[in-house]
There are 2 protein chains.
Amino acid sequence: MNSALLDFSRAKDWIITETRFDPTALGKVEANFCLGNGYLGLRSATEERYPGETRDLLVAGTFDRFSPEEVTELPNAADVTNIELTLDGVRFDLMQGEILSYARSLNIRTGLLTRDVVWRSPNGKRYTLRFERVVSLRRLHTIALRVSVTPDEDGEIVLRSGIDGRMTNDGSQHFTEGQTRYYDRQYQQFVPRTIQSDIHFVFDASHRFTVEGEAVEPKSDINIVRRRIFSNFTLRVKGGQTLVMEKFANVYTDRDKEAEGLTLPELQELALNALKGDESLGFDALAEDSARCWEEKVWRRAPIEIDGPDFDLFAIRFVQYHMQLMTPAHDRRMNIGAKGLSGEGYKGHTFWDTEIFLLPYFIFCMPEVARSLEEYRYLSLPGAHAKAAHNGFEGAQYPWESAWLDDGEVTPEYLGTDILTGQLIKVWSGFIEIHITADVAFGVWQYYMCTGDQDYMDKYGYELILDCAKFWLSRLEPGEDGMLHMNNVVGPDEYKEHVNDNAFTN
Amino acid sequence: MNSALLDFSRAKDWIITETRFDPTALGKVEANFCLGNGYLGLRSATEERYPGETRDLLVAGTFDRFSPEEVTELPNAADVTNIELTLDGVRFDLMQGEILSYARSLNIRTGLLTRDVVWRSPNGKRYTLRFERVVSLRRLHTIALRVSVTPDEDGEIVLRSGIDGRMTNDGSQHFTEGQTRYYDRQYQQFVPRTIQSDIHFVFDASHRFTVEGEAVEPKSDINIVRRRIFSNFTLRVKGGQTLVMEKFANVYTDRDKEAEGLTLPELQELALNALKGDESLGFDALAEDSARCWEEKVWRRAPIEIDGPDFDLFAIRFVQYHMQLMTPAHDRRMNIGAKGLSGEGYKGHTFWDTEIFLLPYFIFCMPEVARSLEEYRYLSLPGAHAKAAHNGFEGAQYPWESAWLDDGEVTPEYLGTDILTGQLIKVWSGFIEIHITADVAFGVWQYYMCTGDQDYMDKYGYELILDCAKFWLSRLEPGEDGMLHMNNVVGPDEYKEHVNDNAFTN
C-alpha cells in the first residue's frame, strides 16, 4: 500500500512534508500547506494545473455579493501561481511520465513552501525541478515564487506565467473583466473590480531569469486575452545547468488602509513601485525578511513549549501558523473567517468561533490583535442594533455570520434545496441562533479581565456589553411558571432547532 | 514523429477520426467534432476533464450581459458531459497509465461521436472503453451519452455523473446559483437563470445501467453542492463483462417557443417528461432517430455530389454538417453566430457573414431556413432604426454585430487595452463598418431573386430594403467635386480604418 501522504518525521525542524503526488488529495494539501499573512491567504495549489484543484487567493475584508439572492463572500481573486512548463515540447504534468522523486514541504517557522521533483518525461528525458513560494509576513501584499529546472540534457524550456482573472467561487464570478496593462515590456498588471461592493483590485507580476546564477533574457511574448495576461518565456539550457525563474507578484485593493485618499492610478503606481522594490530585493531576501518577521511577530511573542513528543509541539505551532495566516490583525474593520483565508468555505464570514476558540490565544499572546478583533465587534454595533430593531428587540443583536461592517446579517437564509422534496432548506442560525450575542459580550469581558485594558472598555466595551444586555432583557419571555424563559433558539448543537431554554444559550 | 492527428481515410464513410490523444490539441478537436442541431451546440470535450479543455454548451438566442461594461453574449450553459470514471480506485485519465489504442470518430452523416480506448491503468489493469454521444437533430433539447467499460479482470467501477453549473465564459458567470432538484431518486434537475436577460434554463439528467445487456441497479448517492448536482454510481463487474451506462440529458429555456405561456414549474415538468420519454427510448433508438432526421432534413434535401477525391466530397459535407449545427432554423427570432455554436468566439453574434457566406446555401437548398434568417433581419429593424437615429441618419442602419432582437448594436466598443500604451483599443466596426446595411439588403434581394418569394417581399422585404436605402441617402456627403462621397468607413479589410470611398462599401 501507499505510504502516508503526510510525513511528520521532520516535525523537530518545523517541517511537514507531502511524500508523494496524490491527485485525489489536492484539496487537503492545498489547505494544510496554505500560505498567508492575515491580509491575504493563498491556497497551495501546484504551479501546473490539475483537474480537481481549487486555486484560491482571498484578500481579507473584500466581501462581494454575486447576486441579490446570495450573501456576500470573500471573492476568489486572480491567480498568480499558475506556471506552466513545457520541457522539450512536453507539458510538465505529474500525471504523465514518471515521478522519480517527490517531496513538498512547508516550513511553518519561515512560511516557505518547497516542492522538489525529479521527473522523467514521456519522451525519456529527465529533469530536476524545485518550486519555492513565500507570502511575505512583513510585506502584506507580496507573493514570491521561484522555479528551478535542471535538465539532464541540453534542451528548450518554455515557462508560461502571468495573471489569471478567470478564477471564480465555485462558478460565481465576483469581478469585472478589468483592465490589463503591460509596463516597460516587463511588468504585467490587471485591474478588475468587484461587481457589487465596487472594490478595485490591482495585481502585478514580473519575472527574472538566471542560468547558473547569471542573469539571462529569455525570448518572450505578451498575451492579453479575456481576463488574462501572461507571457511565454523560452530559453535553451545546457544539460546539468540550472535555469531559475523568480516571479514577483502583489495584490492591492482600494479598500486597503494604504489606499485611503489615493486615486486608482495612484494606487496602481504604488503597487507597481512596490513590485519593483520586491524584484530588486529578489526571492531570497524577501523570504529571509519574511522568516525574520515570523520570528519577531509570532515565535518570540508566543514561544510555546511542550514537554512531550516532537509531534505535539509541531501540532501547536501548526495551529499558531494557521492562526497567523487567518487573522487580519492589520485592520480593525476585519475579523477572522470560520475557514480562515485557506478556502471558500463559510464565505469568509466571522462566527462565534472568534470569541470562543481563537480570541483567548490572542488575548494572552498578542493582546493588540485581540483588541483589534474586539474593536471590529464594536464597529459592527450599528448592524447589531438594526438586526435587533428589525426583530422587534432592543439593544444589539449580533449577526450569526458577519462580514463587512455594514453588511449586517450575512447568514444565507436557505442552504440549497431538500433533494427529495424540492423544498428550500431554511437556515435558522441567522434568525434564532442567538447565543452569538452573549459570545461577543463574553469575549469583551474576557479580554478586559485578562488585559485590564480600561481604555478599550471606556471607549467601546461597556457600551457593547450594555447593548447586548438590553437585547437579552427584551428577548426573554415570562412563562406561566412566573419565570423568564428563552424560547425558540438554536443552541450550539445545530442539529436541534427551536429549542426552549437551551442550557448553553441560557 | 507523430502521425497526423486527424485521419480522413474513412472519408468515403463520412467519418473523420482523431488518431491519438493529444492534450495540446483539445480545442481543435472539441470544435471540429462539435455536436448540435441549431437549437444547441455542444463542444466535444472528453467525458473526463483535462487542463486546457473548453467545455461549452451554447443555446441559440439566450444572450446575456455579464456587466454593464460588456455586451451580450451566448452564455456557456451547464455541462452534462463530464463523467469521471474511477476504475479499481484509479481515475481514468489518459495522461497516466498507457494508451494501448485510441480512436475518436465523428460520423457526420449521423452525428454520432464515438471514442474507443484501450487503457492500461498505472496499477497494471487493462480496460476497454467506448464513449458515444449524440445531440438529437429531431429532439432539439436532447443530449444522450453512453459509456461502456470492459475490464479484463473483476473489479469495481465508479461513475460520477450529473449536471455542472460552474461553467463560465472565460471566467464570466452568466447564471445565478439556481435551484437543484432530485425527483423519484433518479432524475437530476438544475434550474438557474441568466443574470441580466432573466432567462430560466432547465437542465435534466438521468442514468441507466446494464451489465452484459441486463439491467442493473448500482449503489448510488446524490450530491448537491453549489451549482452542481451529481451522483456516484458504484458497480462490481466481472472480468470480460461490459458495463454500460446510458445518460440522458436535456436543456430547455423559457425563451423557447415551446415555453410560451408556460409557468416555470410547467416548463420543468415538460422537460422532465421529455427526459423520461428519451430514457424509455434508450440511446440506440434516439441515435437512430436522429440519424434518420439528418437523412431527411439535410442529406436528401442537399445531396451534393462531387466528381473527385473522397476527401473533397467529405469536405463539402463537413461544411454542410457544421452549417446545420450552427443555424437556429427553428426560431426566426435568431440568426447564425460568426463562430456558430461551437465556441464562445464572437460571443454568438451575427455579422455580415450570414448574408454573404451562408445564406446562398440555404437559399438554394433550404429556402425556408433562408426565409427564417431574413425574417430575423426584418424583426431587427427597430434596432436598426434606433442606430440610424442615434447617429443622425434616416432609415435603418444595421448593427455590425447583432444578438437578441432588442439588443441593438452589440459590437464591443473596446477590444481590451493596448499592451504598451495602456490605452483602450477602440473597435470602429460598430461605428463605421457600415457595409453591413448593404449586405443585409443584398441578402434580401438575392433571396427574392432566387426563390421568387413574393409573400416575404410584400410583408418584410420591400420595407427593409427601402429603409436601408434611406440610410444610404442620408449617409452620403457631397464633395467639392460635386459628387456624393461615402467618407470615413471601415471596409471588409478591417486593418484599415477611416477610409474614404472604400470600393467594397461604395
Assuming 0.36 nm per residue, please report the length gained on full extension of the stretch B:Glu413 to B:Glu258 beyond their Cα-Cα distance.
52.3 nm
How high is the relative contact order of chain A, in percent, with contacts defined as C-alpha pairs under 8 Å that are six or more residues apart?
12 percent
Expressed as a whole percentage, what fraction of the accessible surface of the protein assembly as shown belongs to carbon and sulfur atoms when a 1.4 Å probe is rolled over the protein heavy atoms?
51 percent
Which parts of segment A:377-416 would a label at A:Ala469 reach, counting a residue when its backbone N lies under 18 Å from a point 7 Å out along Cα-to-Cβ?
A:378, A:385, A:394-398
Semi-axes of the equivalent ellipsoid for chain A, Cα gyration tensor, largest first, Å
45, 24, 23
Whole-Å distance linking the alpha carbon centroid of segment A:202-263 with that of segment B:334-364 is 40 Å
Rounded to the nearest 20 debye, dipole of segment B:251-308 from Cβ charges on Lys, Arg, Asp, Glu
140 debye
The alpha-carbon pair-distance distribution computed for segment A:347-479, with 5 angstrom bins and whole-percent values, is 2, 11, 19, 21, 18, 12, 8, 4, 2, 1, 0, 0
Residue-count net charge about A:Glu355 - beta-carbon cut-off 9 Å; Lys, Arg +1, Asp, Glu -1
-2
The protein assembly as shown - charge dipole about Cα centre, Lys and Arg +1 at Cβ, Asp and Glu -1, debye rounded to 20
1920 debye
Angle between chain A longest axis and helix A:462-475 axis [Cα atoms, degrees, rounded to 10]:
60 degrees
Can you give the calculated 222 nm mean residue ellipticity of chain B, where each DSSP H run of n ≥ 4 adds -39,500 (n - 2.57) and the sum is split over every residue, rounded to the nearest 500 deg cm²/dmol?
-7500 deg cm²/dmol
Residues whose built amide H sits under 5 Å from the amide H of B:Thr142, excluding neighbours closer than 5 in sequence, are B:Ser136
Just to check, using Stokes-Einstein with a Kirkwood Rh over alpha carbon pairs, what's the diffusion coefficient of the protein assembly as shown at 4 °C and 1.567 mPa s in µm²/s?
41 µm²/s
What ³J(HN,Hα) values, in whole Hz, does the Karplus curve 6.51 cos²θ - 1.76 cosθ + 1.60 give for segment A:399-410 when θ = phi - 60°, with x put for Gly and Pro?
x, 4, 10, 10, 10, 6, 3, 9, 6, x, 5, 10
Nearest 10 degrees, 0 to 90: what angle lies between the long axis of helix B:264-281 and the longest principal axis of chain B (Cα atoms)?
50 degrees
Over 29 Å between Cα atoms, which of A:Lys125/A:Lys247; A:Lys347/A:Lys459; A:Lys247/B:Lys347; B:Lys387/B:Lys459 qualify?
A:Lys347/A:Lys459; A:Lys247/B:Lys347
Contact order normalised by residue count of segment A:350-485, Cα under 8 Å, 6+ apart, percent
25 percent
For segment A:197-202, take each phi angle, set θ = phi - 60°, evaluate the Karplus expression 6.51 cos²θ - 1.76 cosθ + 1.60, and give the result in whole Hz per residue in order, putting x for glycine and proline.
8, 6, 9, 7, 10, 10
Cβ-based charge dipole, chain A, positive-most Cα from A:Ser280, A:Ala4, A:Gly461
A:Ser280
Sorting check: for A:454-464, B:62-72, B:414-424, which peptide has the highest mean count of neighbouring beta carbons within 10 Å, and how do the rest follow?
B:62-72, A:454-464, B:414-424
Can you give me the angle between helix A:435-451 and the longest principal axis of chain A, using Cα atoms only, in degrees from 0 to 90, rounded to the nearest 10?
80 degrees
Which percent of Cα-Cα pairs in segment B:112-257 sits in each 5 Å bin, short to long?
2, 9, 16, 18, 17, 15, 10, 7, 4, 1, 0
Peptide B:166-176: average number of partner chain Cβ atoms within 10 Å per residue?
6
Tally Lys and Arg at +1 and Asp and Glu at -1 over the other residues with C-beta under 14 Å from the C-beta of A:Leu484: what net charge comes out?
-3
In sequence order, what are the phi-derived ³J(HN,Hα) couplings for segment B:351-366 according to the Karplus relation 6.51 cos²θ - 1.76 cosθ + 1.60 with θ = phi - 60°, rounded to whole Hz, with x for glycine and proline?
10, 6, 3, 4, 5, 7, 9, 9, 4, x, 4, 6, 4, 7, 9, 9
Between A:Ala285 and A:Thr19, what is the label-to-label distance in nm when each label sits 7 Å out along the Cα-to-Cβ direction?
4.0 nm
Options A:Met334, A:Ser290, A:Leu270, ranked by Cα towards positive dipole end of segment A:268-367, top entry (Cβ charges)
A:Met334
Separation of the B:Leu484 and A:Glu368 label points, Cα + 7 Å toward Cβ, nm:
7.8 nm
If you take the Cα Rg of segment A:444-492 and divide it by 2.2 N^0.38 Å, with N the number of residues, what do you get?
1.56
Just the number, please: buried accessible area between B and A, total of both chains, 1.4 angstrom probe, nearest 100 square angstrom.
3200 Å²
Set of segment B:193-211 residues, backbone N closer than 20 Å to the point 7 Å along the Cα-Cβ line of B:Glu269:
B:200-205
Label-to-label distances across copies for A:Pro478, with labels 7 Å out along Cα→Cβ, in nm, shortest first?
9.5
With no solvent and one point on each alpha carbon, what is the Debye value of log10 I(q)/I(0) for segment A:202-335 at q = 0.14, 0.16, 0.18, 0.19 Å⁻¹?
-0.95, -1.07, -1.15, -1.19
Between the DSSP loop rule and a limit of at most 14 other Cβ atoms within 10 Å, which chymotrypsin sites (Phe, Trp or Tyr not before Pro) in segment B:189-231 are left?
none
Computed from every Cα-Cα pair in segment B:223-301, P(r) in 10 Å bins starting at 0 and rounded to whole percents is 14, 26, 37, 17, 6, 0
Inter-copy spacing of A:Lys238 label points, which lie 7 Å from Cα along Cα→Cβ, given in nm from shortest upward
6.4
Assigning unit charges at the beta carbon (Lys, Arg +1; Asp, Glu -1) and nothing else, what dipole magnitude in debye, to the nearest 20, does segment B:6-283 show about its Cα centre?
440 debye
Net +/- balance of residues flanking A:Asp312 in space, Cβ distance below 12 Å, scoring K and R +1, D and E -1:
-1
For B:Thr242, list long-range residues whose amide hydrogen, built 1.01 Å from N in the peptide plane, is under 5 Å from its own amide hydrogen.
B:Glu212
What's the Kirkwood radius of segment A:6-299 in Å, using all Cα pairs?
19.7 Å
Peptide-level mean, for A:177-188, of C-beta atoms on other protein chains within 10 Å:
3
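The values are calculated or read from the model by the stated rules, or taken from the named source; none is laboratory data. The model shown is predicted, which means the values in this text are computed figures rather than measured ones. Glycine also receives a Cβ, built like all others from the backbone with ideal geometry; neighbour counts cover every protein chain displayed. With ligands, DNA and RNA removed, areas are computed over all heavy atoms of the protein, side chains included. Shrake-Rupley method; radii C 1.70, N 1.55, O 1.52, S 1.80 Å.
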